[in-house]
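One structure is given here, and the rest of the page talks about it.
The values are calculated or read from the model by the stated rules, or taken from the named source; none is laboratory data. From a predicted model like this one, the values you see are computed outputs, not experimental measurements. With ideal geometry, Cβ positions are generated from the backbone for all residues, glycine too; neighbour counts draw on all protein chains shown.
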Amino acid sequence: MLVIETIADMKRYSAASRAAGCSLAFVPTMGYLHEGHLSLVRLARERANRVIVSIFVNPLQFNDPADLEKYPRDTPRDLALLEAEKVDVVFLPNSQEVYPDGPPGLRLTHPLMQELCGKTRPGHFEGMLHIVHNLLLWTNPHYAVFGRKDYQQLKLIEIMNRELSLGVTIVSAPIIREPDGLAMSSRNARLSAAGRSQAAVIPRTLAEAARLAGQPGISVAEVNLLLSQRLAAFKTDYAAVFDPQTLKPLSDNQSPRNGLLAVAVYIEGVRLIDNRYINEE
């Protein structure tokens, strides 16, 4: 496994791989890898001859400096996991390499950023799109794999890829869950044993809301009420039925059956997000 730390070397590797007729699949991460990340790596392996994984904790995605400071990191462990998956290249730039002149003045924007997480995390999606855009340019892959747990992120990356004609095939990967249903996340490591047990209410609530919404005659308001009741013990940024394309809340005169259930819940100060389609099997 090759570890590349500079943009110039990353570009040279991708150009040489393409010249040799190899297809490239890319998985961007912020490290502290878990089975969810590794599932993306395996999906990337199915698509291409060579797999590139980046590890970079992007400061522009954190509107709270304390959240950035607490974000878990373990690069040696991450590299060992990726080597076991037979990853071809790990792109491991530092902040000086990525932002030599400090934070950029120009960032990509889109109205979809103002929905869901965008309401309480100002600057997060601008920072995310900026780094993903640059990583795609530097790695120049044929495929890029993103998990559906970060649903809003996935939709924005698809829009950016299309509108800027980046020419990358964006691959959407299913949410990987713990045995009790909790969506895998690097942030889960910050929960105590009690908090981790409490967090299982999130997938249970989504499953219960999906079952309710699938019943004849059930309104959006009834589904939203169930979500608010089940999560009442916790601070939430949102918990409702949304349009999967616009990410705006569904109105009560719309059927919830084709909606997206999405929540952002704080447990022990840790912000956990999850989602599921109502008609999801």
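Scanning the stretch 133-145 for residues that are under 15 Å from the mean Cα position of the chain (by Cα) and surrounded by fewer than 20 Cβ atoms within 10 Å (Cβ to Cβ) turns up just one, His133. Residues in the stretch 36-83 that are in contact (Cβ under 8 Å) with a residue 40 or more places away in the chain and in a loop (DSSP other than H, G, I, E, B): 9 in all.
Of Gly127, Gly118, Gly214, all but one fail to be touching a residue at least 12 places away in the same chain (Cβ under 8 Å), closer than 20 Å to Ala262 by Cα and in the same structural domain as Arg47 (by TED's automatic domain parsing); the exception is Gly118.
Within the stretch 217-227, does at least one residue satisfy the condition of being surrounded by fewer than 19 Cβ atoms within 10 Å (Cβ to Cβ), assigned to a strand (DSSP E or B) and not assigned by TED's automatic domain parsing to the domain that holds Tyr143? So far as the stretch 217-227 goes, no, none of its residues is surrounded by fewer than 19 Cβ atoms within 10 Å (Cβ to Cβ), assigned to a strand (DSSP E or B) and not assigned by TED's automatic domain parsing to the domain that holds Tyr143. Which members of the stretch 153-170 meet the condition of being in contact with a strand residue (DSSP E or B) (Cβ under 8 Å, 6 or more places away or on another chain) and among the polar types (S, T, N, Q)? Selection gives Gln153, Asn161, Thr169.
If you filter the stretch 182-205 down to residues that are part of a loop (DSSP other than H, G, I, E, B) and over 17 Å from the mean Cα position of the chain (by Cα), you find that the one that is surrounded by the fewest Cβ atoms within 10 Å (Cβ to Cβ) is Ser192. Of the set (1) surrounded by fewer than 18 Cβ atoms within 10 Å (Cβ to Cβ); (2) assigned to a helix (DSSP H, G or I); (3) small (Gly, Ala, Ser), all apply to Ala233 but (2).
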